[in-house]
Amino acid sequence: MQATDTKISINSAAKAGGLFGVQMRFTAIWVALLVLMILGLIFMKRSVDITAILAILPFAAFLAIASMGQAIVLMARGIDLSVPSIIMLSSTILLGVSGGSDDNLAIAIVAAIACAALVGVVSGALVAILKLNALIVTLAVGAIVTGITIWIRQGLQAEAAVPGALADFGGARFLGINSSIWIAAVIAIVLAVLLRRTLSGRNFEAIGVNPRAAHTAGLEIMRYQGGAYVVAAILYGVVGILLSGFIRNPTLDVGAPYLLAPIAAAVLGGTAISGGIGSMIAVVGASLFLIQLGQMLRIMGLSTSHQLIIEGLAIAFGMWLSALGGRGGKLRLRRK
């Protein structure tokens with residue numbers, strides 16, 4: 001049976017309960033964000049001051065882009081623990097190739113993205129073609145990439161800086177909002193349109209919901225599953241570049257905050273760990289929620305350890321909701 005002869009529609013557990021259930025899955029995080037903002041307005045007005053919000057929005061943008069990559073992998077029934085290492089690699093390649101010169105900035109960006117994509121190709125091939133466990137694969141690949149990055153970094157200056165043009169862009173604002181936020185918004189919209197309005201996007205979701213049925217329909221499972229890691233890695237590379245430009249002097253710790261946070265944002269945004277179901281817009285809302293929550297916790301004076309505990313609880317809660325909402329999902333195949 002050829003894919004062209006088959007019409008595929010996805011019915012998740014939420015859809016089985018009606019359109020309302022689907023909308024609530026992705027709307028819940030925005031309700032939670034609104035409640036968080038109201039609580040801040042009542043108890044911690046400093047946390048919702050316009051200056052404070054504008055200060056944390058770039059970090060929400062970085063997290064949102066990384067989380068969208070993680071969400072795509074989760075939708076393909078995988079998981080990616082190589083996020084910090086890919087961000088660190090792309091940042092290091094950017095520094096090394098550019099040498100701090102604006103003349104080499106374009107080629108440095110291309111090299112950084114290409115290296116990130118190459119890591120995604122390796123992870124995708126191991127998971128999709130060799131059918132290895134995604135958690136183990138990405139953990140191992142991340143460790144290897146970290147070792148390579150440290151080796152490369154030894155040849156660079158300890159306080160290596162990004163080219164001036166990238167630093168200016170990292171701090172630039174349009175309509176009072178940092179440039180990285182606009183980039184994150186564009187990426188979210190583009191991905192949302194591709195997933196919801198294109199045949200490839202619908203096929204990708206169908207494969208995540210039920211790979212066996214999708215294979216029977218003639219869809220190329222390995223291409224979509226492997227491609228998810230490549231697209232995600234490119235997004236991580238973008239984060240590495242934007243984050244480097246924002247902080248100007250990135251270190252080897254540049255990717256450290258992005259191990260658990262993207263998973264938390266993806267699942268809190270309604271992405272199903274069982275595959276197929278996800279919303280890039282909701283993932284952006286979840287990223288805003290986590291960054292704002294972290295801001296409030298810092299204002300309360302809680303230590304980093306307490307923040308990590310709360311982040312872990314958020315992941316557990318989000319995965320519980322995802323599993324609860326994903327029960328009974330199915331994929332229906334209909335001939336045209």
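The values are calculated or read from the model by the stated rules, or taken from the named source; none is laboratory data. Everything quoted here is computed from the prediction, not taken from an experiment. Cβ: placed from backbone, ideal geometry, glycine included. Neighbour counts: every protein chain shown.
Remarks
- Test: SER98 is buried (at least 23 other Cβ atoms within 10 Å of the Cβ), touching a helix residue (DSSP H, G or I) at 6+ places or on another chain (Cβ under 6 Å) and modelled with pLDDT under 95: yes
- Residue count, region 169-187 (criterion: among the small types (Gly, Ala, Ser) and surrounded by fewer than 19 Cβ atoms within 10 Å (Cβ to Cβ)): 4
- The single condition among (1) in contact with a Pro (Cβ under 6 Å, 6 or more places away or on another chain); (2) more than 18 Å from ALA165 (Cα to Cα); (3) surrounded by fewer than 21 Cβ atoms within 10 Å (Cβ to Cβ) that LEU57 does not satisfy is (1).
- Entirely in region 156-269, the helices (runs of 4 or more DSSP H) that have 3 or more residues that are modelled with pLDDT of 90 or more and more than 27 Å from LEU132 (Cα to Cα): 164-171, 179-197, 221-247
- Count of region 237-264 residues which are among the hydroxyl-bearing types (Ser, Thr, Tyr) and surrounded by 24 or more Cβ atoms within 10 Å (Cβ to Cβ): 2
- Of all the listed residues (TYR229, TYR258), the sole one being closer than 21 Å to GLY312 by Cβ and of a type in the set (Ser, Thr, Tyr) is TYR258.
- Close pairs from region 292-316: first over 16 Å from THR51 (Cα atoms), partner part of a loop (DSSP other than H, G, I, E, B), Cβ under 6 Å, at least 6 apart: GLU311/LEU260
- Which numbered condition ILE291 misses (of (1) touching a helix residue (DSSP H, G or I) at 6+ places or on another chain (Cβ under 6 Å); (2) closer than 20 Å to SER82 by Cα; (3) in a helix (DSSP H, G or I)): (2)
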